[in-house]
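Novice: First the structure, then my questions, so here it is.
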Amino acid sequence: MESTGSQPTLSQKEAFARIRLLRSPHIGPVSYRQLLARFGTAAAALDALPDLASRGRGPYRPASADSIEREVVAVRAAGARYLFHDQPDYPALLAELDSAPPIVTCRGRMALASEPCVALVGARNASGAAVKLARDFAAALAEAGFTVVSGLARGIDGAAHEGAFPQTIGVIASGIDIAYPPQHAGLQERIATVGLLIAEQPPGTEPRGRHFPSRNRIIAGLASGTLVVEAAPQSGSLITARLAGEAGREVMAIPGSPLDARASGCNQLIREGAVLVQTPDEVVELLQSFTGAPRSRFRLGDGAADFDYAELAKLNWGEARADLSRDIASLLTNAPVAIDELIRQSGANAAEVHMALLELELAGELVREADGAVRRLM
């Protein structure tokens with residue numbers, strides 16, 4: 001198996017178990033971390049999964065060892081490595097997210113993610129002027145010492161990577177061995193060779209619609225600020241900006257003509273509190289003085305109360321487990337609700353509610369939203 005990095009306490013056996021745990025049905029970043037906190041090791045969590053998921057309609061089967069063996073071979077064949085959330089070279093800003101990916105695959109210079117980063121995103125069908133602006137901004141930001149992060153999409157993303165090259169990170173919605181869009185295959189390989197390429201999905205995974213918001217949270221999470229150059233309403237770039245705001249990062253936008261629909265998303269962000277910027281120097285000034293308190297007023301409330309997952313290890317679940325899981329399930333609908341609201345309404349303590357939600361998720365009855373809220377899978 002490929003070396004897991006500089007973390008001396010993570011054995012090959014436990015690294016393999018962690019990959020298997022994350023690839024098992026109904027397990028995402030939050031439930032993965034909760035299971036590790038509750039059981040101490042991925043191997044122990046895998047043993048507990050069938051009982052925890054007993055509410056499901058059929059027997060629970062974790063990801064097979066054979067499938068993980070094939071994945072490890074594919075990662076190695078792609079020239080990539082695994083990076084785990086608790087290894088020293090895991091990006092510190094990304095680790096601050098509750099939904100940070102527990103495991104990613106990467107190629108290139110991991111040190112780029114530890115340098116000051118700025119996300120630069122925008123429309124796929126961008127205007128020629130906006131593409132040039134993105135390239136110029138990215139070049140100036142790289143010259144000022146920033147690593148430019150983007151998503152390798154057409155339009156603004158591609159221009160951002162080209163302008164900042166090689167001081168750039170590409171975050172993709174596919175597996176590490178899949179080039180998307182195909183016309184950026186050469187750019188993706190160049191970034192993987194001298195920049196940094198990051199993927200959350202297993203190798204061989206073609207990008208799907210649901211993968212792009214997940215990719216966007218990584219883009220926003222790596223950077224102290226996100227700059228939107230040109231974007232229409234409801235675009236993925238606005239999702240990235242909103243995720244940056246929820247994470248307490250700086251949100252910036254370049255204004256555009258009200259007559260151009262491709263600029264309306266940026267103008268909307270500015271109305272909602274994003275910082276209006278017109279030159280790279282303004283971005284540099286904002287981010288060089290960033291201390292964790294953004295000047296932008298563009299921030300949404302968290303969907304979940306702060307909770308220390310270590311409390312799960314102290315939980316004596318006992319015979320009350322099924323009753324509480326049913327009570328929590330009865331409070332859920334297909335409309336998202338904040339976890340702190342479930343704690344208030346159920347009267348149970350936070351650890352018990354989180355464990356009940358974990359059981360419901362493993363049973364395939366629960367969906368977690370990007371902002372931490374949860375809803376019933378109807």
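The values are calculated or read from the model by the stated rules, or taken from the named source; none is laboratory data. Remember, predicted model here, so these are calculated numbers, not experimental data. A quick note on method: Cβ atoms are made from the backbone with ideal geometry, for glycine too, and the neighbour counts reach across all protein chains shown. With ligands, DNA and RNA removed, areas are computed over all heavy atoms of the protein, side chains included. Shrake-Rupley method; radii C 1.70, N 1.55, O 1.52, S 1.80 Å.
Novice: Could you list, in sequence order, all residues of the range 149-166 that are in a helix (DSSP H, G or I), touching a helix residue (DSSP H, G or I) at 6+ places or on another chain (Cβ under 7 Å) and more than 17 Å from THR193 (Cβ to Cβ)?
Specialist: Those that are in a helix (DSSP H, G or I), touching a helix residue (DSSP H, G or I) at 6+ places or on another chain (Cβ under 7 Å) and more than 17 Å from THR193 (Cβ to Cβ): ILE156, ALA159, ALA160, GLY163.
Novice: Still on this model: I'd like to know if the range 52-64 contains one or more residues that are surrounded by 18 or more Cβ atoms within 10 Å (Cβ to Cβ), hydrophobic (A, V, I, L, M, F, W, C), in a loop (DSSP other than H, G, I, E, B) and modelled with pLDDT under 95.
Specialist: Scanning the range 52-64, I find at least one residue that is surrounded by 18 or more Cβ atoms within 10 Å (Cβ to Cβ), hydrophobic (A, V, I, L, M, F, W, C), in a loop (DSSP other than H, G, I, E, B) and modelled with pLDDT under 95, so the answer is yes.
Novice: Now a separate question. Looking at the range 207-250, which of its residues are part of a helix (DSSP H, G or I), open to solvent by less than 10 Å² (accessible area, probe 1.4 Å) and not polar (S, T, N, Q)?
Specialist: Scanning the range 207-250 gives ILE218, ILE219, ALA220, GLY221, LEU222, LEU238, ALA241, ALA244, GLY245.
Novice: Take the residues in the range 145-178 that are aliphatic (A, V, I, L, M) and over 19 Å from the mean Cα position of the chain (by Cα); name whichever of them is surrounded by the most Cβ atoms within 10 Å (Cβ to Cβ). Quick ask: steps written out before the conclusion?
Specialist: Let us first name the residues in the range 145-178 that are aliphatic (A, V, I, L, M), namely 148-149, 152-153, 156, 159-160, 164, 169, 171-173, 176, 178.
Imposing the further condition that a residue be over 19 Å from the mean Cα position of the chain (by Cα) reduces the set to 156, 159-160, 164.
Working: ILE156: 31, ALA159: 25, ALA160: 33, ALA164: 28.
The extreme case among them is ALA160.
Novice: I'm checking my understanding of the structure. Among residues of the range 179-206 that are among the small types (Gly, Ala, Ser) and in a loop (DSSP other than H, G, I, E, B), which one is surrounded by the most Cβ atoms within 10 Å (Cβ to Cβ)? Spell out the reasoning first.
Specialist: Step one: filter the range 179-206 for residues among the small types (Gly, Ala, Ser), giving 179, 185-186, 192, 195, 199, 204.
Checking the rest, the ones that are also in a loop (DSSP other than H, G, I, E, B) come to 179, 195, 204.
Numbers: ALA179: 16, GLY195: 23, GLY204: 14.
Per the criteria, the residue is GLY195.
Novice: Can you find, within the range 91-104, the residue that is nearest to GLY204 (Cα to Cα) among those that are open to solvent by 10 Å² or more (accessible area, probe 1.4 Å) and part of a loop (DSSP other than H, G, I, E, B)?
Specialist: Step one: list which residues in the range 91-104 are open to solvent by 10 Å² or more (accessible area, probe 1.4 Å), which gives 92-93, 95-99.
Filter once more, keeping what is part of a loop (DSSP other than H, G, I, E, B): 96-99.
Numbers: GLU96: 28, LEU97: 26, ASP98: 26, SER99: 23 Å.
My answer is SER99.
Novice: Out of (1) modelled with pLDDT of 90 or more; (2) closer than 22 Å to ALA244 by Cα, what's the single condition that is false for VAL75?
Specialist: (2)
Novice: Identify, please: which residue in the range 179-234 is hydrophobic (A, V, I, L, M, F, W, C) and at pLDDT below 95 and is, among those, farthest from the chain's Cα centre (by Cα)? Spell out how you get there, then give the answer.
Specialist: From the range 179-234, those hydrophobic (A, V, I, L, M, F, W, C) are 179, 185, 187, 191-192, 194, 196-199, 212, 218-220, 222-223, 227-229, 231-232; that's our starting set.
Now drop any that are not at pLDDT below 95, which leaves 212, 231-232.
Details: PHE212: 10, ALA231: 21, ALA232: 22 Å.
Checking each candidate, the answer is ALA232.
Novice: Would the range 321-331 turn up any residue that is modelled with pLDDT under 90, among the acidic types (Asp, Glu) and either open to solvent by less than 60 Å² (accessible area, probe 1.4 Å) or more than 26 Å from SER99 (Cα to Cα) (or both)?
Specialist: Checked against the condition, which is being modelled with pLDDT under 90, among the acidic types (Asp, Glu) and either open to solvent by less than 60 Å² (accessible area, probe 1.4 Å) or more than 26 Å from SER99 (Cα to Cα) (or both), the range 321-331 yields at least one hit.
Novice: Within the range 257-311, track down each residue that is at pLDDT below 80 and in a helix (DSSP H, G or I).
Specialist: TYR309, ALA310, GLU311, listed by residue number.
Rundown of residues vs (1) free of Cβ contacts under 8 Å to residues at least 40 places away in the same chain; (2) in contact with a strand residue (DSSP E or B) (Cβ under 6 Å, 6 or more places away or on another chain), yes/no style:
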residue: ALA95; (1), (2): yes, no
residue: SER99; (1), (2): no, no
residue: THR105; (1), (2): no, yes
residue: ALA119; (1), (2): no, yes
residue: ASN125; (1), (2): no, no
